[in-house]
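So the structure is just underneath, and the comments pick up after that.
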Amino acid sequence: MIPKSWQPFPIIFFLFWLILALFWDIDTEDLSDREMQENRKPILTANMSKKREKIINTPQILGTWKLPTHELYHTLHFANYTDLIIDNHIDTVFRFTYKLRNDTLFLYQLDNQAVLLYTNIIRHLNHDTLIFKNFMEKAEPQVYFKVKD
């Protein structure tokens, strides 16, 4: 039997760890153990100052981009400032309306921009490389290369 003075201890212990888990921001992607130890910051201070500074302009993304392997969503063709055509490894071609905001590519239903289908984070874009943190339902990074026109 636990003494009465010890009864609130498990509840306090549980609440402490729950609060710590909710208010601790650790981005473990691409970080070594040492870097993770150096980069630990409470969410309340870290996320308030974190803003996405990376701005991607639509002209940068226009054109045709391909994955190095022939797999799901292997070719992206940004036909103009609003239309995206995606070739697939099977006999299907997808068409979306898209918008770029900062470092995010939003894909909408073709005829109805009120229906947001996918939110894709762009990690890197230059004249010949386009890297997504995620693309559609693929959670892993996708690296596309620009096709020379």
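If a residue has to be surrounded by 15 or more Cβ atoms within 10 Å (Cβ to Cβ) and among the hydroxyl-bearing types (Ser, Thr, Tyr) to count, how many in region 119-149 make the cut?
1
Looking only at region 80-96, which residues are in contact (Cβ under 8 Å) with a residue 12 or more places away in the chain and either in a loop (DSSP other than H, G, I, E, B) or more than 19 Å from ASN134 (Cα to Cα) (or both)?
Hits for region 80-96 are ASN80, TYR81, THR82, ASP83, ASN88, HIS89.
Out of the residues in region 100-111 meeting the condition of being part of a strand (DSSP E or B) and surrounded by 15 or more Cβ atoms within 10 Å (Cβ to Cβ), tell me which one is farthest from the chain's Cα centre (by Cα).
In this case the residue turns out to be TYR108.
Return yes or no: is TYR73 assigned to a loop (DSSP other than H, G, I, E, B) and on the phi > 0 side of the Ramachandran plot?
yes
Report yes if ASP91 is exposed (fewer than 13 other Cβ atoms within 10 Å of the Cβ), more than 16 Å from LYS66 (Cβ to Cβ) and not hydroxyl-bearing (Ser, Thr, Tyr), otherwise no.
Judged against the criteria, ASP91 is a match.
Condition check: farther than 19 Å from LEU62 by Cα and within 19 Å of the chain's Cα centre (by Cα). Does ALA139 satisfy that?
It is true that ALA139 is farther than 19 Å from LEU62 by Cα and within 19 Å of the chain's Cα centre (by Cα).
Taken together, the values in this text are just the output of simple stated rules run on the coordinates, not laboratory data. Computed from a predicted model, the values in this text were never measured in an experiment. With ideal geometry, Cβ positions are generated from the backbone for all residues, glycine too; neighbour counts draw on all protein chains shown.
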